[in-house]
Structure formats: C-alpha cells, structure tokens
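**Q** Sharing a structure below in structure tokens format, with a few things to ask.
The values are calculated or read from the model by the stated rules, or taken from the named source; none is laboratory data. A quick note: this is a predicted structure, and the numbers were derived from the prediction, not measured. Reconstructed Cβ throughout: ideal geometry from the backbone, glycine too, with neighbour counts over all protein chains shown.
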Ligand code: CAA
C-alpha cells in the first residue's frame with residue numbers, strides 16, 4: 001500500500017492522517033482509494049469506537065488534485081473514474097468520524113470534512129468551495145451538504161464567489177462544531193473522540209444514522225426511523241448498564257451490546 005494515509009490507533013480511537021503534505025493533501029485517486037480502504041477496515045473493527053480524520057497544521061486538504069485529475073480530464077474520463085464510489089464508501093462508514101481541520105479545507109477538502117459526522121477546527125482553519133475559479137462547481141457533495149448545513153443564501157454566496165471562510169465564521173454559520181487554539185486543536189479533537197468512544201456504540205451509531213436522515217429523508221420518515229431506533233435500544237445491554245449506573249450513582253461501562 002502507498003502511504004498517502006497514516007493510521008495511528010490510540011485504544012478505542014483511531015487517528016487517520018492525510019499524508020500528501022507537498023501538495024497540501026490534494027485528493028488524488030491513490031489517496032482516495034487508500035482512505036476508503038483504511039476507513040472501511042476501521043469501521044469493521046469493533047475495538048475502534050471513534051475516528052479522527054485530519055491533515056496537518058497547514059492543510060486538511062486543498063481539494064481534488066487539480067494537476068493530476070483535471071488537466072486532461074474529459075466528461076468521459078471523469079465518468080469512468082467513478083469518483084462517486086469512493087465518496088459513497090466514506091458515507092457508508094458508521095463509526096463516527098470527526099474531521100479535525102487545521103489550515104485549508106477547500107473544494108473536495110471541505111466536502112470531505114462535510115462527509116464526516118462532526119467538524120472541529122483549529123483557529124487557523126479556512127473552509128471554502130473555490131471550484132468556480134476553475135470554471136467548474138463542487139462535485140463531491142458541496143452544493144448539497146453545504147446548502148443543507150448553512151442554507152441556500154450563504155451557500156450561494158460561498159459557492160458563487162469561492163470566498164474562504166475562517167474558523168470563527170465557519171462556527172457562526174454552523175459548519176464547525178468547535179474551534180480550538182492552534183496549539184491544541186488535534187489534542188482537543190482526540191479528547192472529543194475519546195468522549196464519544198466511551199458512549200454506548202449502538203446508540204451512537206443509531207443517533208448518527210438518524211441525524212443523517214434529517215438530510216436525506218422527509219420529516220415523517222426521519223421521525224419514524226428515530227422512534228424505531230429509540231425502541232430498539234431498549235433491547236441492548238448498554239441501555240440496562242446506562243440506567244443501572246445512573247440509579248447506582250456510578251460510571252457506566254458500555255460494551256456495544
Ligand atoms: N491540487 C494539486 N496541487 C495542489 C492543490 C490542488 N488542489 N492545492 C495546492 N497544491 C499544490 C500547489 O500546486 C503547490 O505545489 P508546487 O509546490 O509543486 O507548486 C503546493 O501544493 C503548495 O501550494 P501553493 O504554493 O499554492 O500554496 P499557497 O499557500 O500559496 O496557497 C492554496 C494555498 C490557497 C490552498 C492554493 O494552493 C490553492 O488555491 N489551491 C487550490 C485550491 C482549489 O482550488 N481547490 C479545489 C479543487 S477542485 C475540487 O476539489 C473539486 C471537487 O469538488 C472534488
């Protein structure tokens with residue numbers, strides 16, 4: 001395997017680092033394939049309860065690899081590459097993924113962060129969909145996920161101008177959950193991952209599935225799923241453990257059963 005993605009396991013969490021620093025982690029085919037393989041393997045591993053997806057201080061990812069992917073591209077070559085398959089595979093990962101963003105998250109980089117479950121940022125982070133400056137539009141979910149996140153009017157302003165949004169503004173428009181100091185952003189993201197890793201995994205999974213449905217389904221369908229998932233959780237050992245621990249005034253230990 002190439003080394004465009006580096007995985008570090010720390011007990012119940014895994015840190016997945018995009019690793020093409022010379023090109024600001026531009027997303028080429030090799031990196032996307034490796035990322036899908038790594039995330040799928042972690043998703044199959046019950047010992048891993050939360051994933052942190054990150055880049056480096058300078059860049060989370062500066063988008064699709066413009067030089068490698070776009071220079072000679074035609075609609076037919078783009079179609080044959082079937083880029084959608086990689087993005088769909090990332091979307092299917094059910095272990096919660098925290099995008100920990102420092103520096104640039106542009107184009108496909110911003111779209112990759114938005115394919116995760118939570119986005120946290122260093123105060124140095126900059127988000128944007130600059131595709132318009134290349135004569136194209138976002139092609140990995142940006143027009144849909146950004147609009148569902150920040151609304152039509154802000155999405156249009158950002159996508160039609162390509163303007164970059166700094167961390168504080170990204171938090172104000174609902175794109176980012178938390179902004180952390182540049183000295184501690186990754187440690188804070190890992191601490192958040194450890195907090196989630198201590199929660200009951202089946203409930204975590206069903207919560208993220210239900211929240212995703214708020215994007216994909218009607219309100220009635222989403223409410224129906226939520227109700228059934230809520231009932232289902234009453235059959236889990238972790239629900240018994242959580243309630244027993246509350247009544248017994250002790251810390252719950254969840255096992256994912
Ligand atoms: N693809 C390929 N290479 C890239 C890249 C990208 N998206 N972004 C940066 N790089 C490369 C640069 O070419 C440069 O390489 P060289 O040293 O070999 O010249 C290196 O990374 C460092 O970049 P810069 O010298 O440009 O660094 P900077 O600090 O001056 O600027 C930047 C940083 C503002 C992010 C600038 O690099 C930039 O604008 N990058 C392109 C961002 C972009 O347009 N992204 C959208 C791509 S399209 C897309 O993602 C479609 C989609 O929906 C999937």
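**Q** In this structure, does residue 69 turn out to be within 14 Å of the chain's Cα centre (by Cα) and either on the phi < 0 side of the Ramachandran plot or not assigned by TED's automatic domain parsing to the domain that holds residue 130 (or both)?
**A** no
**Q** For a quick check of your reading: which helices (runs of 4 or more DSSP H) sit entirely within segment 32-149 and have at least 3 residues that are within 30 Å of residue 11 (Cβ to Cβ)?
**A** It comes to 83-92, 108-114.
**Q** Does residue 101 satisfy the condition of being away from the ligand (no atom under 11 Å from the Cβ), assigned by TED's automatic domain parsing to the domain that holds residue 191 and within 28 Å of residue 172 (Cβ to Cβ)?
**A** For residue 101, the condition - away from the ligand (no atom under 11 Å from the Cβ), assigned by TED's automatic domain parsing to the domain that holds residue 191 and within 28 Å of residue 172 (Cβ to Cβ) - is met.
**Q** For segment 72-86, check the following and say yes or no: at least one residue is at pLDDT 95 or above, over 13 Å from the mean Cα position of the chain (by Cα) and either within 12 Å of the ligand (Cβ to nearest atom) or in the same structural domain as residue 209 (by TED's automatic domain parsing) (or both).
**A** No, there is no match, as no residue in segment 72-86 is at pLDDT 95 or above, over 13 Å from the mean Cα position of the chain (by Cα) and either within 12 Å of the ligand (Cβ to nearest atom) or in the same structural domain as residue 209 (by TED's automatic domain parsing) (or both).
**Q** Still on this structure, please answer the following. Pairs, please: C-beta under 6 Å, at least 6 apart or cross-chain, first residue within 13 Å of residue 156 (Cβ to Cβ) and in segment 132-145, second more than 7 Å from the ligand (Cβ to nearest atom)?
**A** What qualifies is 132/162; 138/129; 142/129.
**Q** Tell me, please, whether a residue that is assigned by TED's automatic domain parsing to the domain that holds residue 97, surrounded by 15 or more Cβ atoms within 10 Å (Cβ to Cβ), in a helix (DSSP H, G or I) and modelled with pLDDT of 95 or more can be found in segment 207-214.
**A** Looking for residues that are assigned by TED's automatic domain parsing to the domain that holds residue 97, surrounded by 15 or more Cβ atoms within 10 Å (Cβ to Cβ), in a helix (DSSP H, G or I) and modelled with pLDDT of 95 or more, one finds none in segment 207-214, hence no.
**Q** Regarding segment 150-160, can at least one residue be identified that is assigned to a helix (DSSP H, G or I), exposed (fewer than 13 other Cβ atoms within 10 Å of the Cβ) and touching a helix residue (DSSP H, G or I) at 6+ places or on another chain (Cβ under 7 Å)?
**A** Among the residues of segment 150-160, at least one is assigned to a helix (DSSP H, G or I), exposed (fewer than 13 other Cβ atoms within 10 Å of the Cβ) and touching a helix residue (DSSP H, G or I) at 6+ places or on another chain (Cβ under 7 Å), which makes the answer yes.
**Q** Find the residue count for segment 226-246, including only residues that are more than 13 Å from residue 205 (Cβ to Cβ) and not in a helix (DSSP H, G or I).
**A** Within segment 226-246, residues that are more than 13 Å from residue 205 (Cβ to Cβ) and not in a helix (DSSP H, G or I) number 2.
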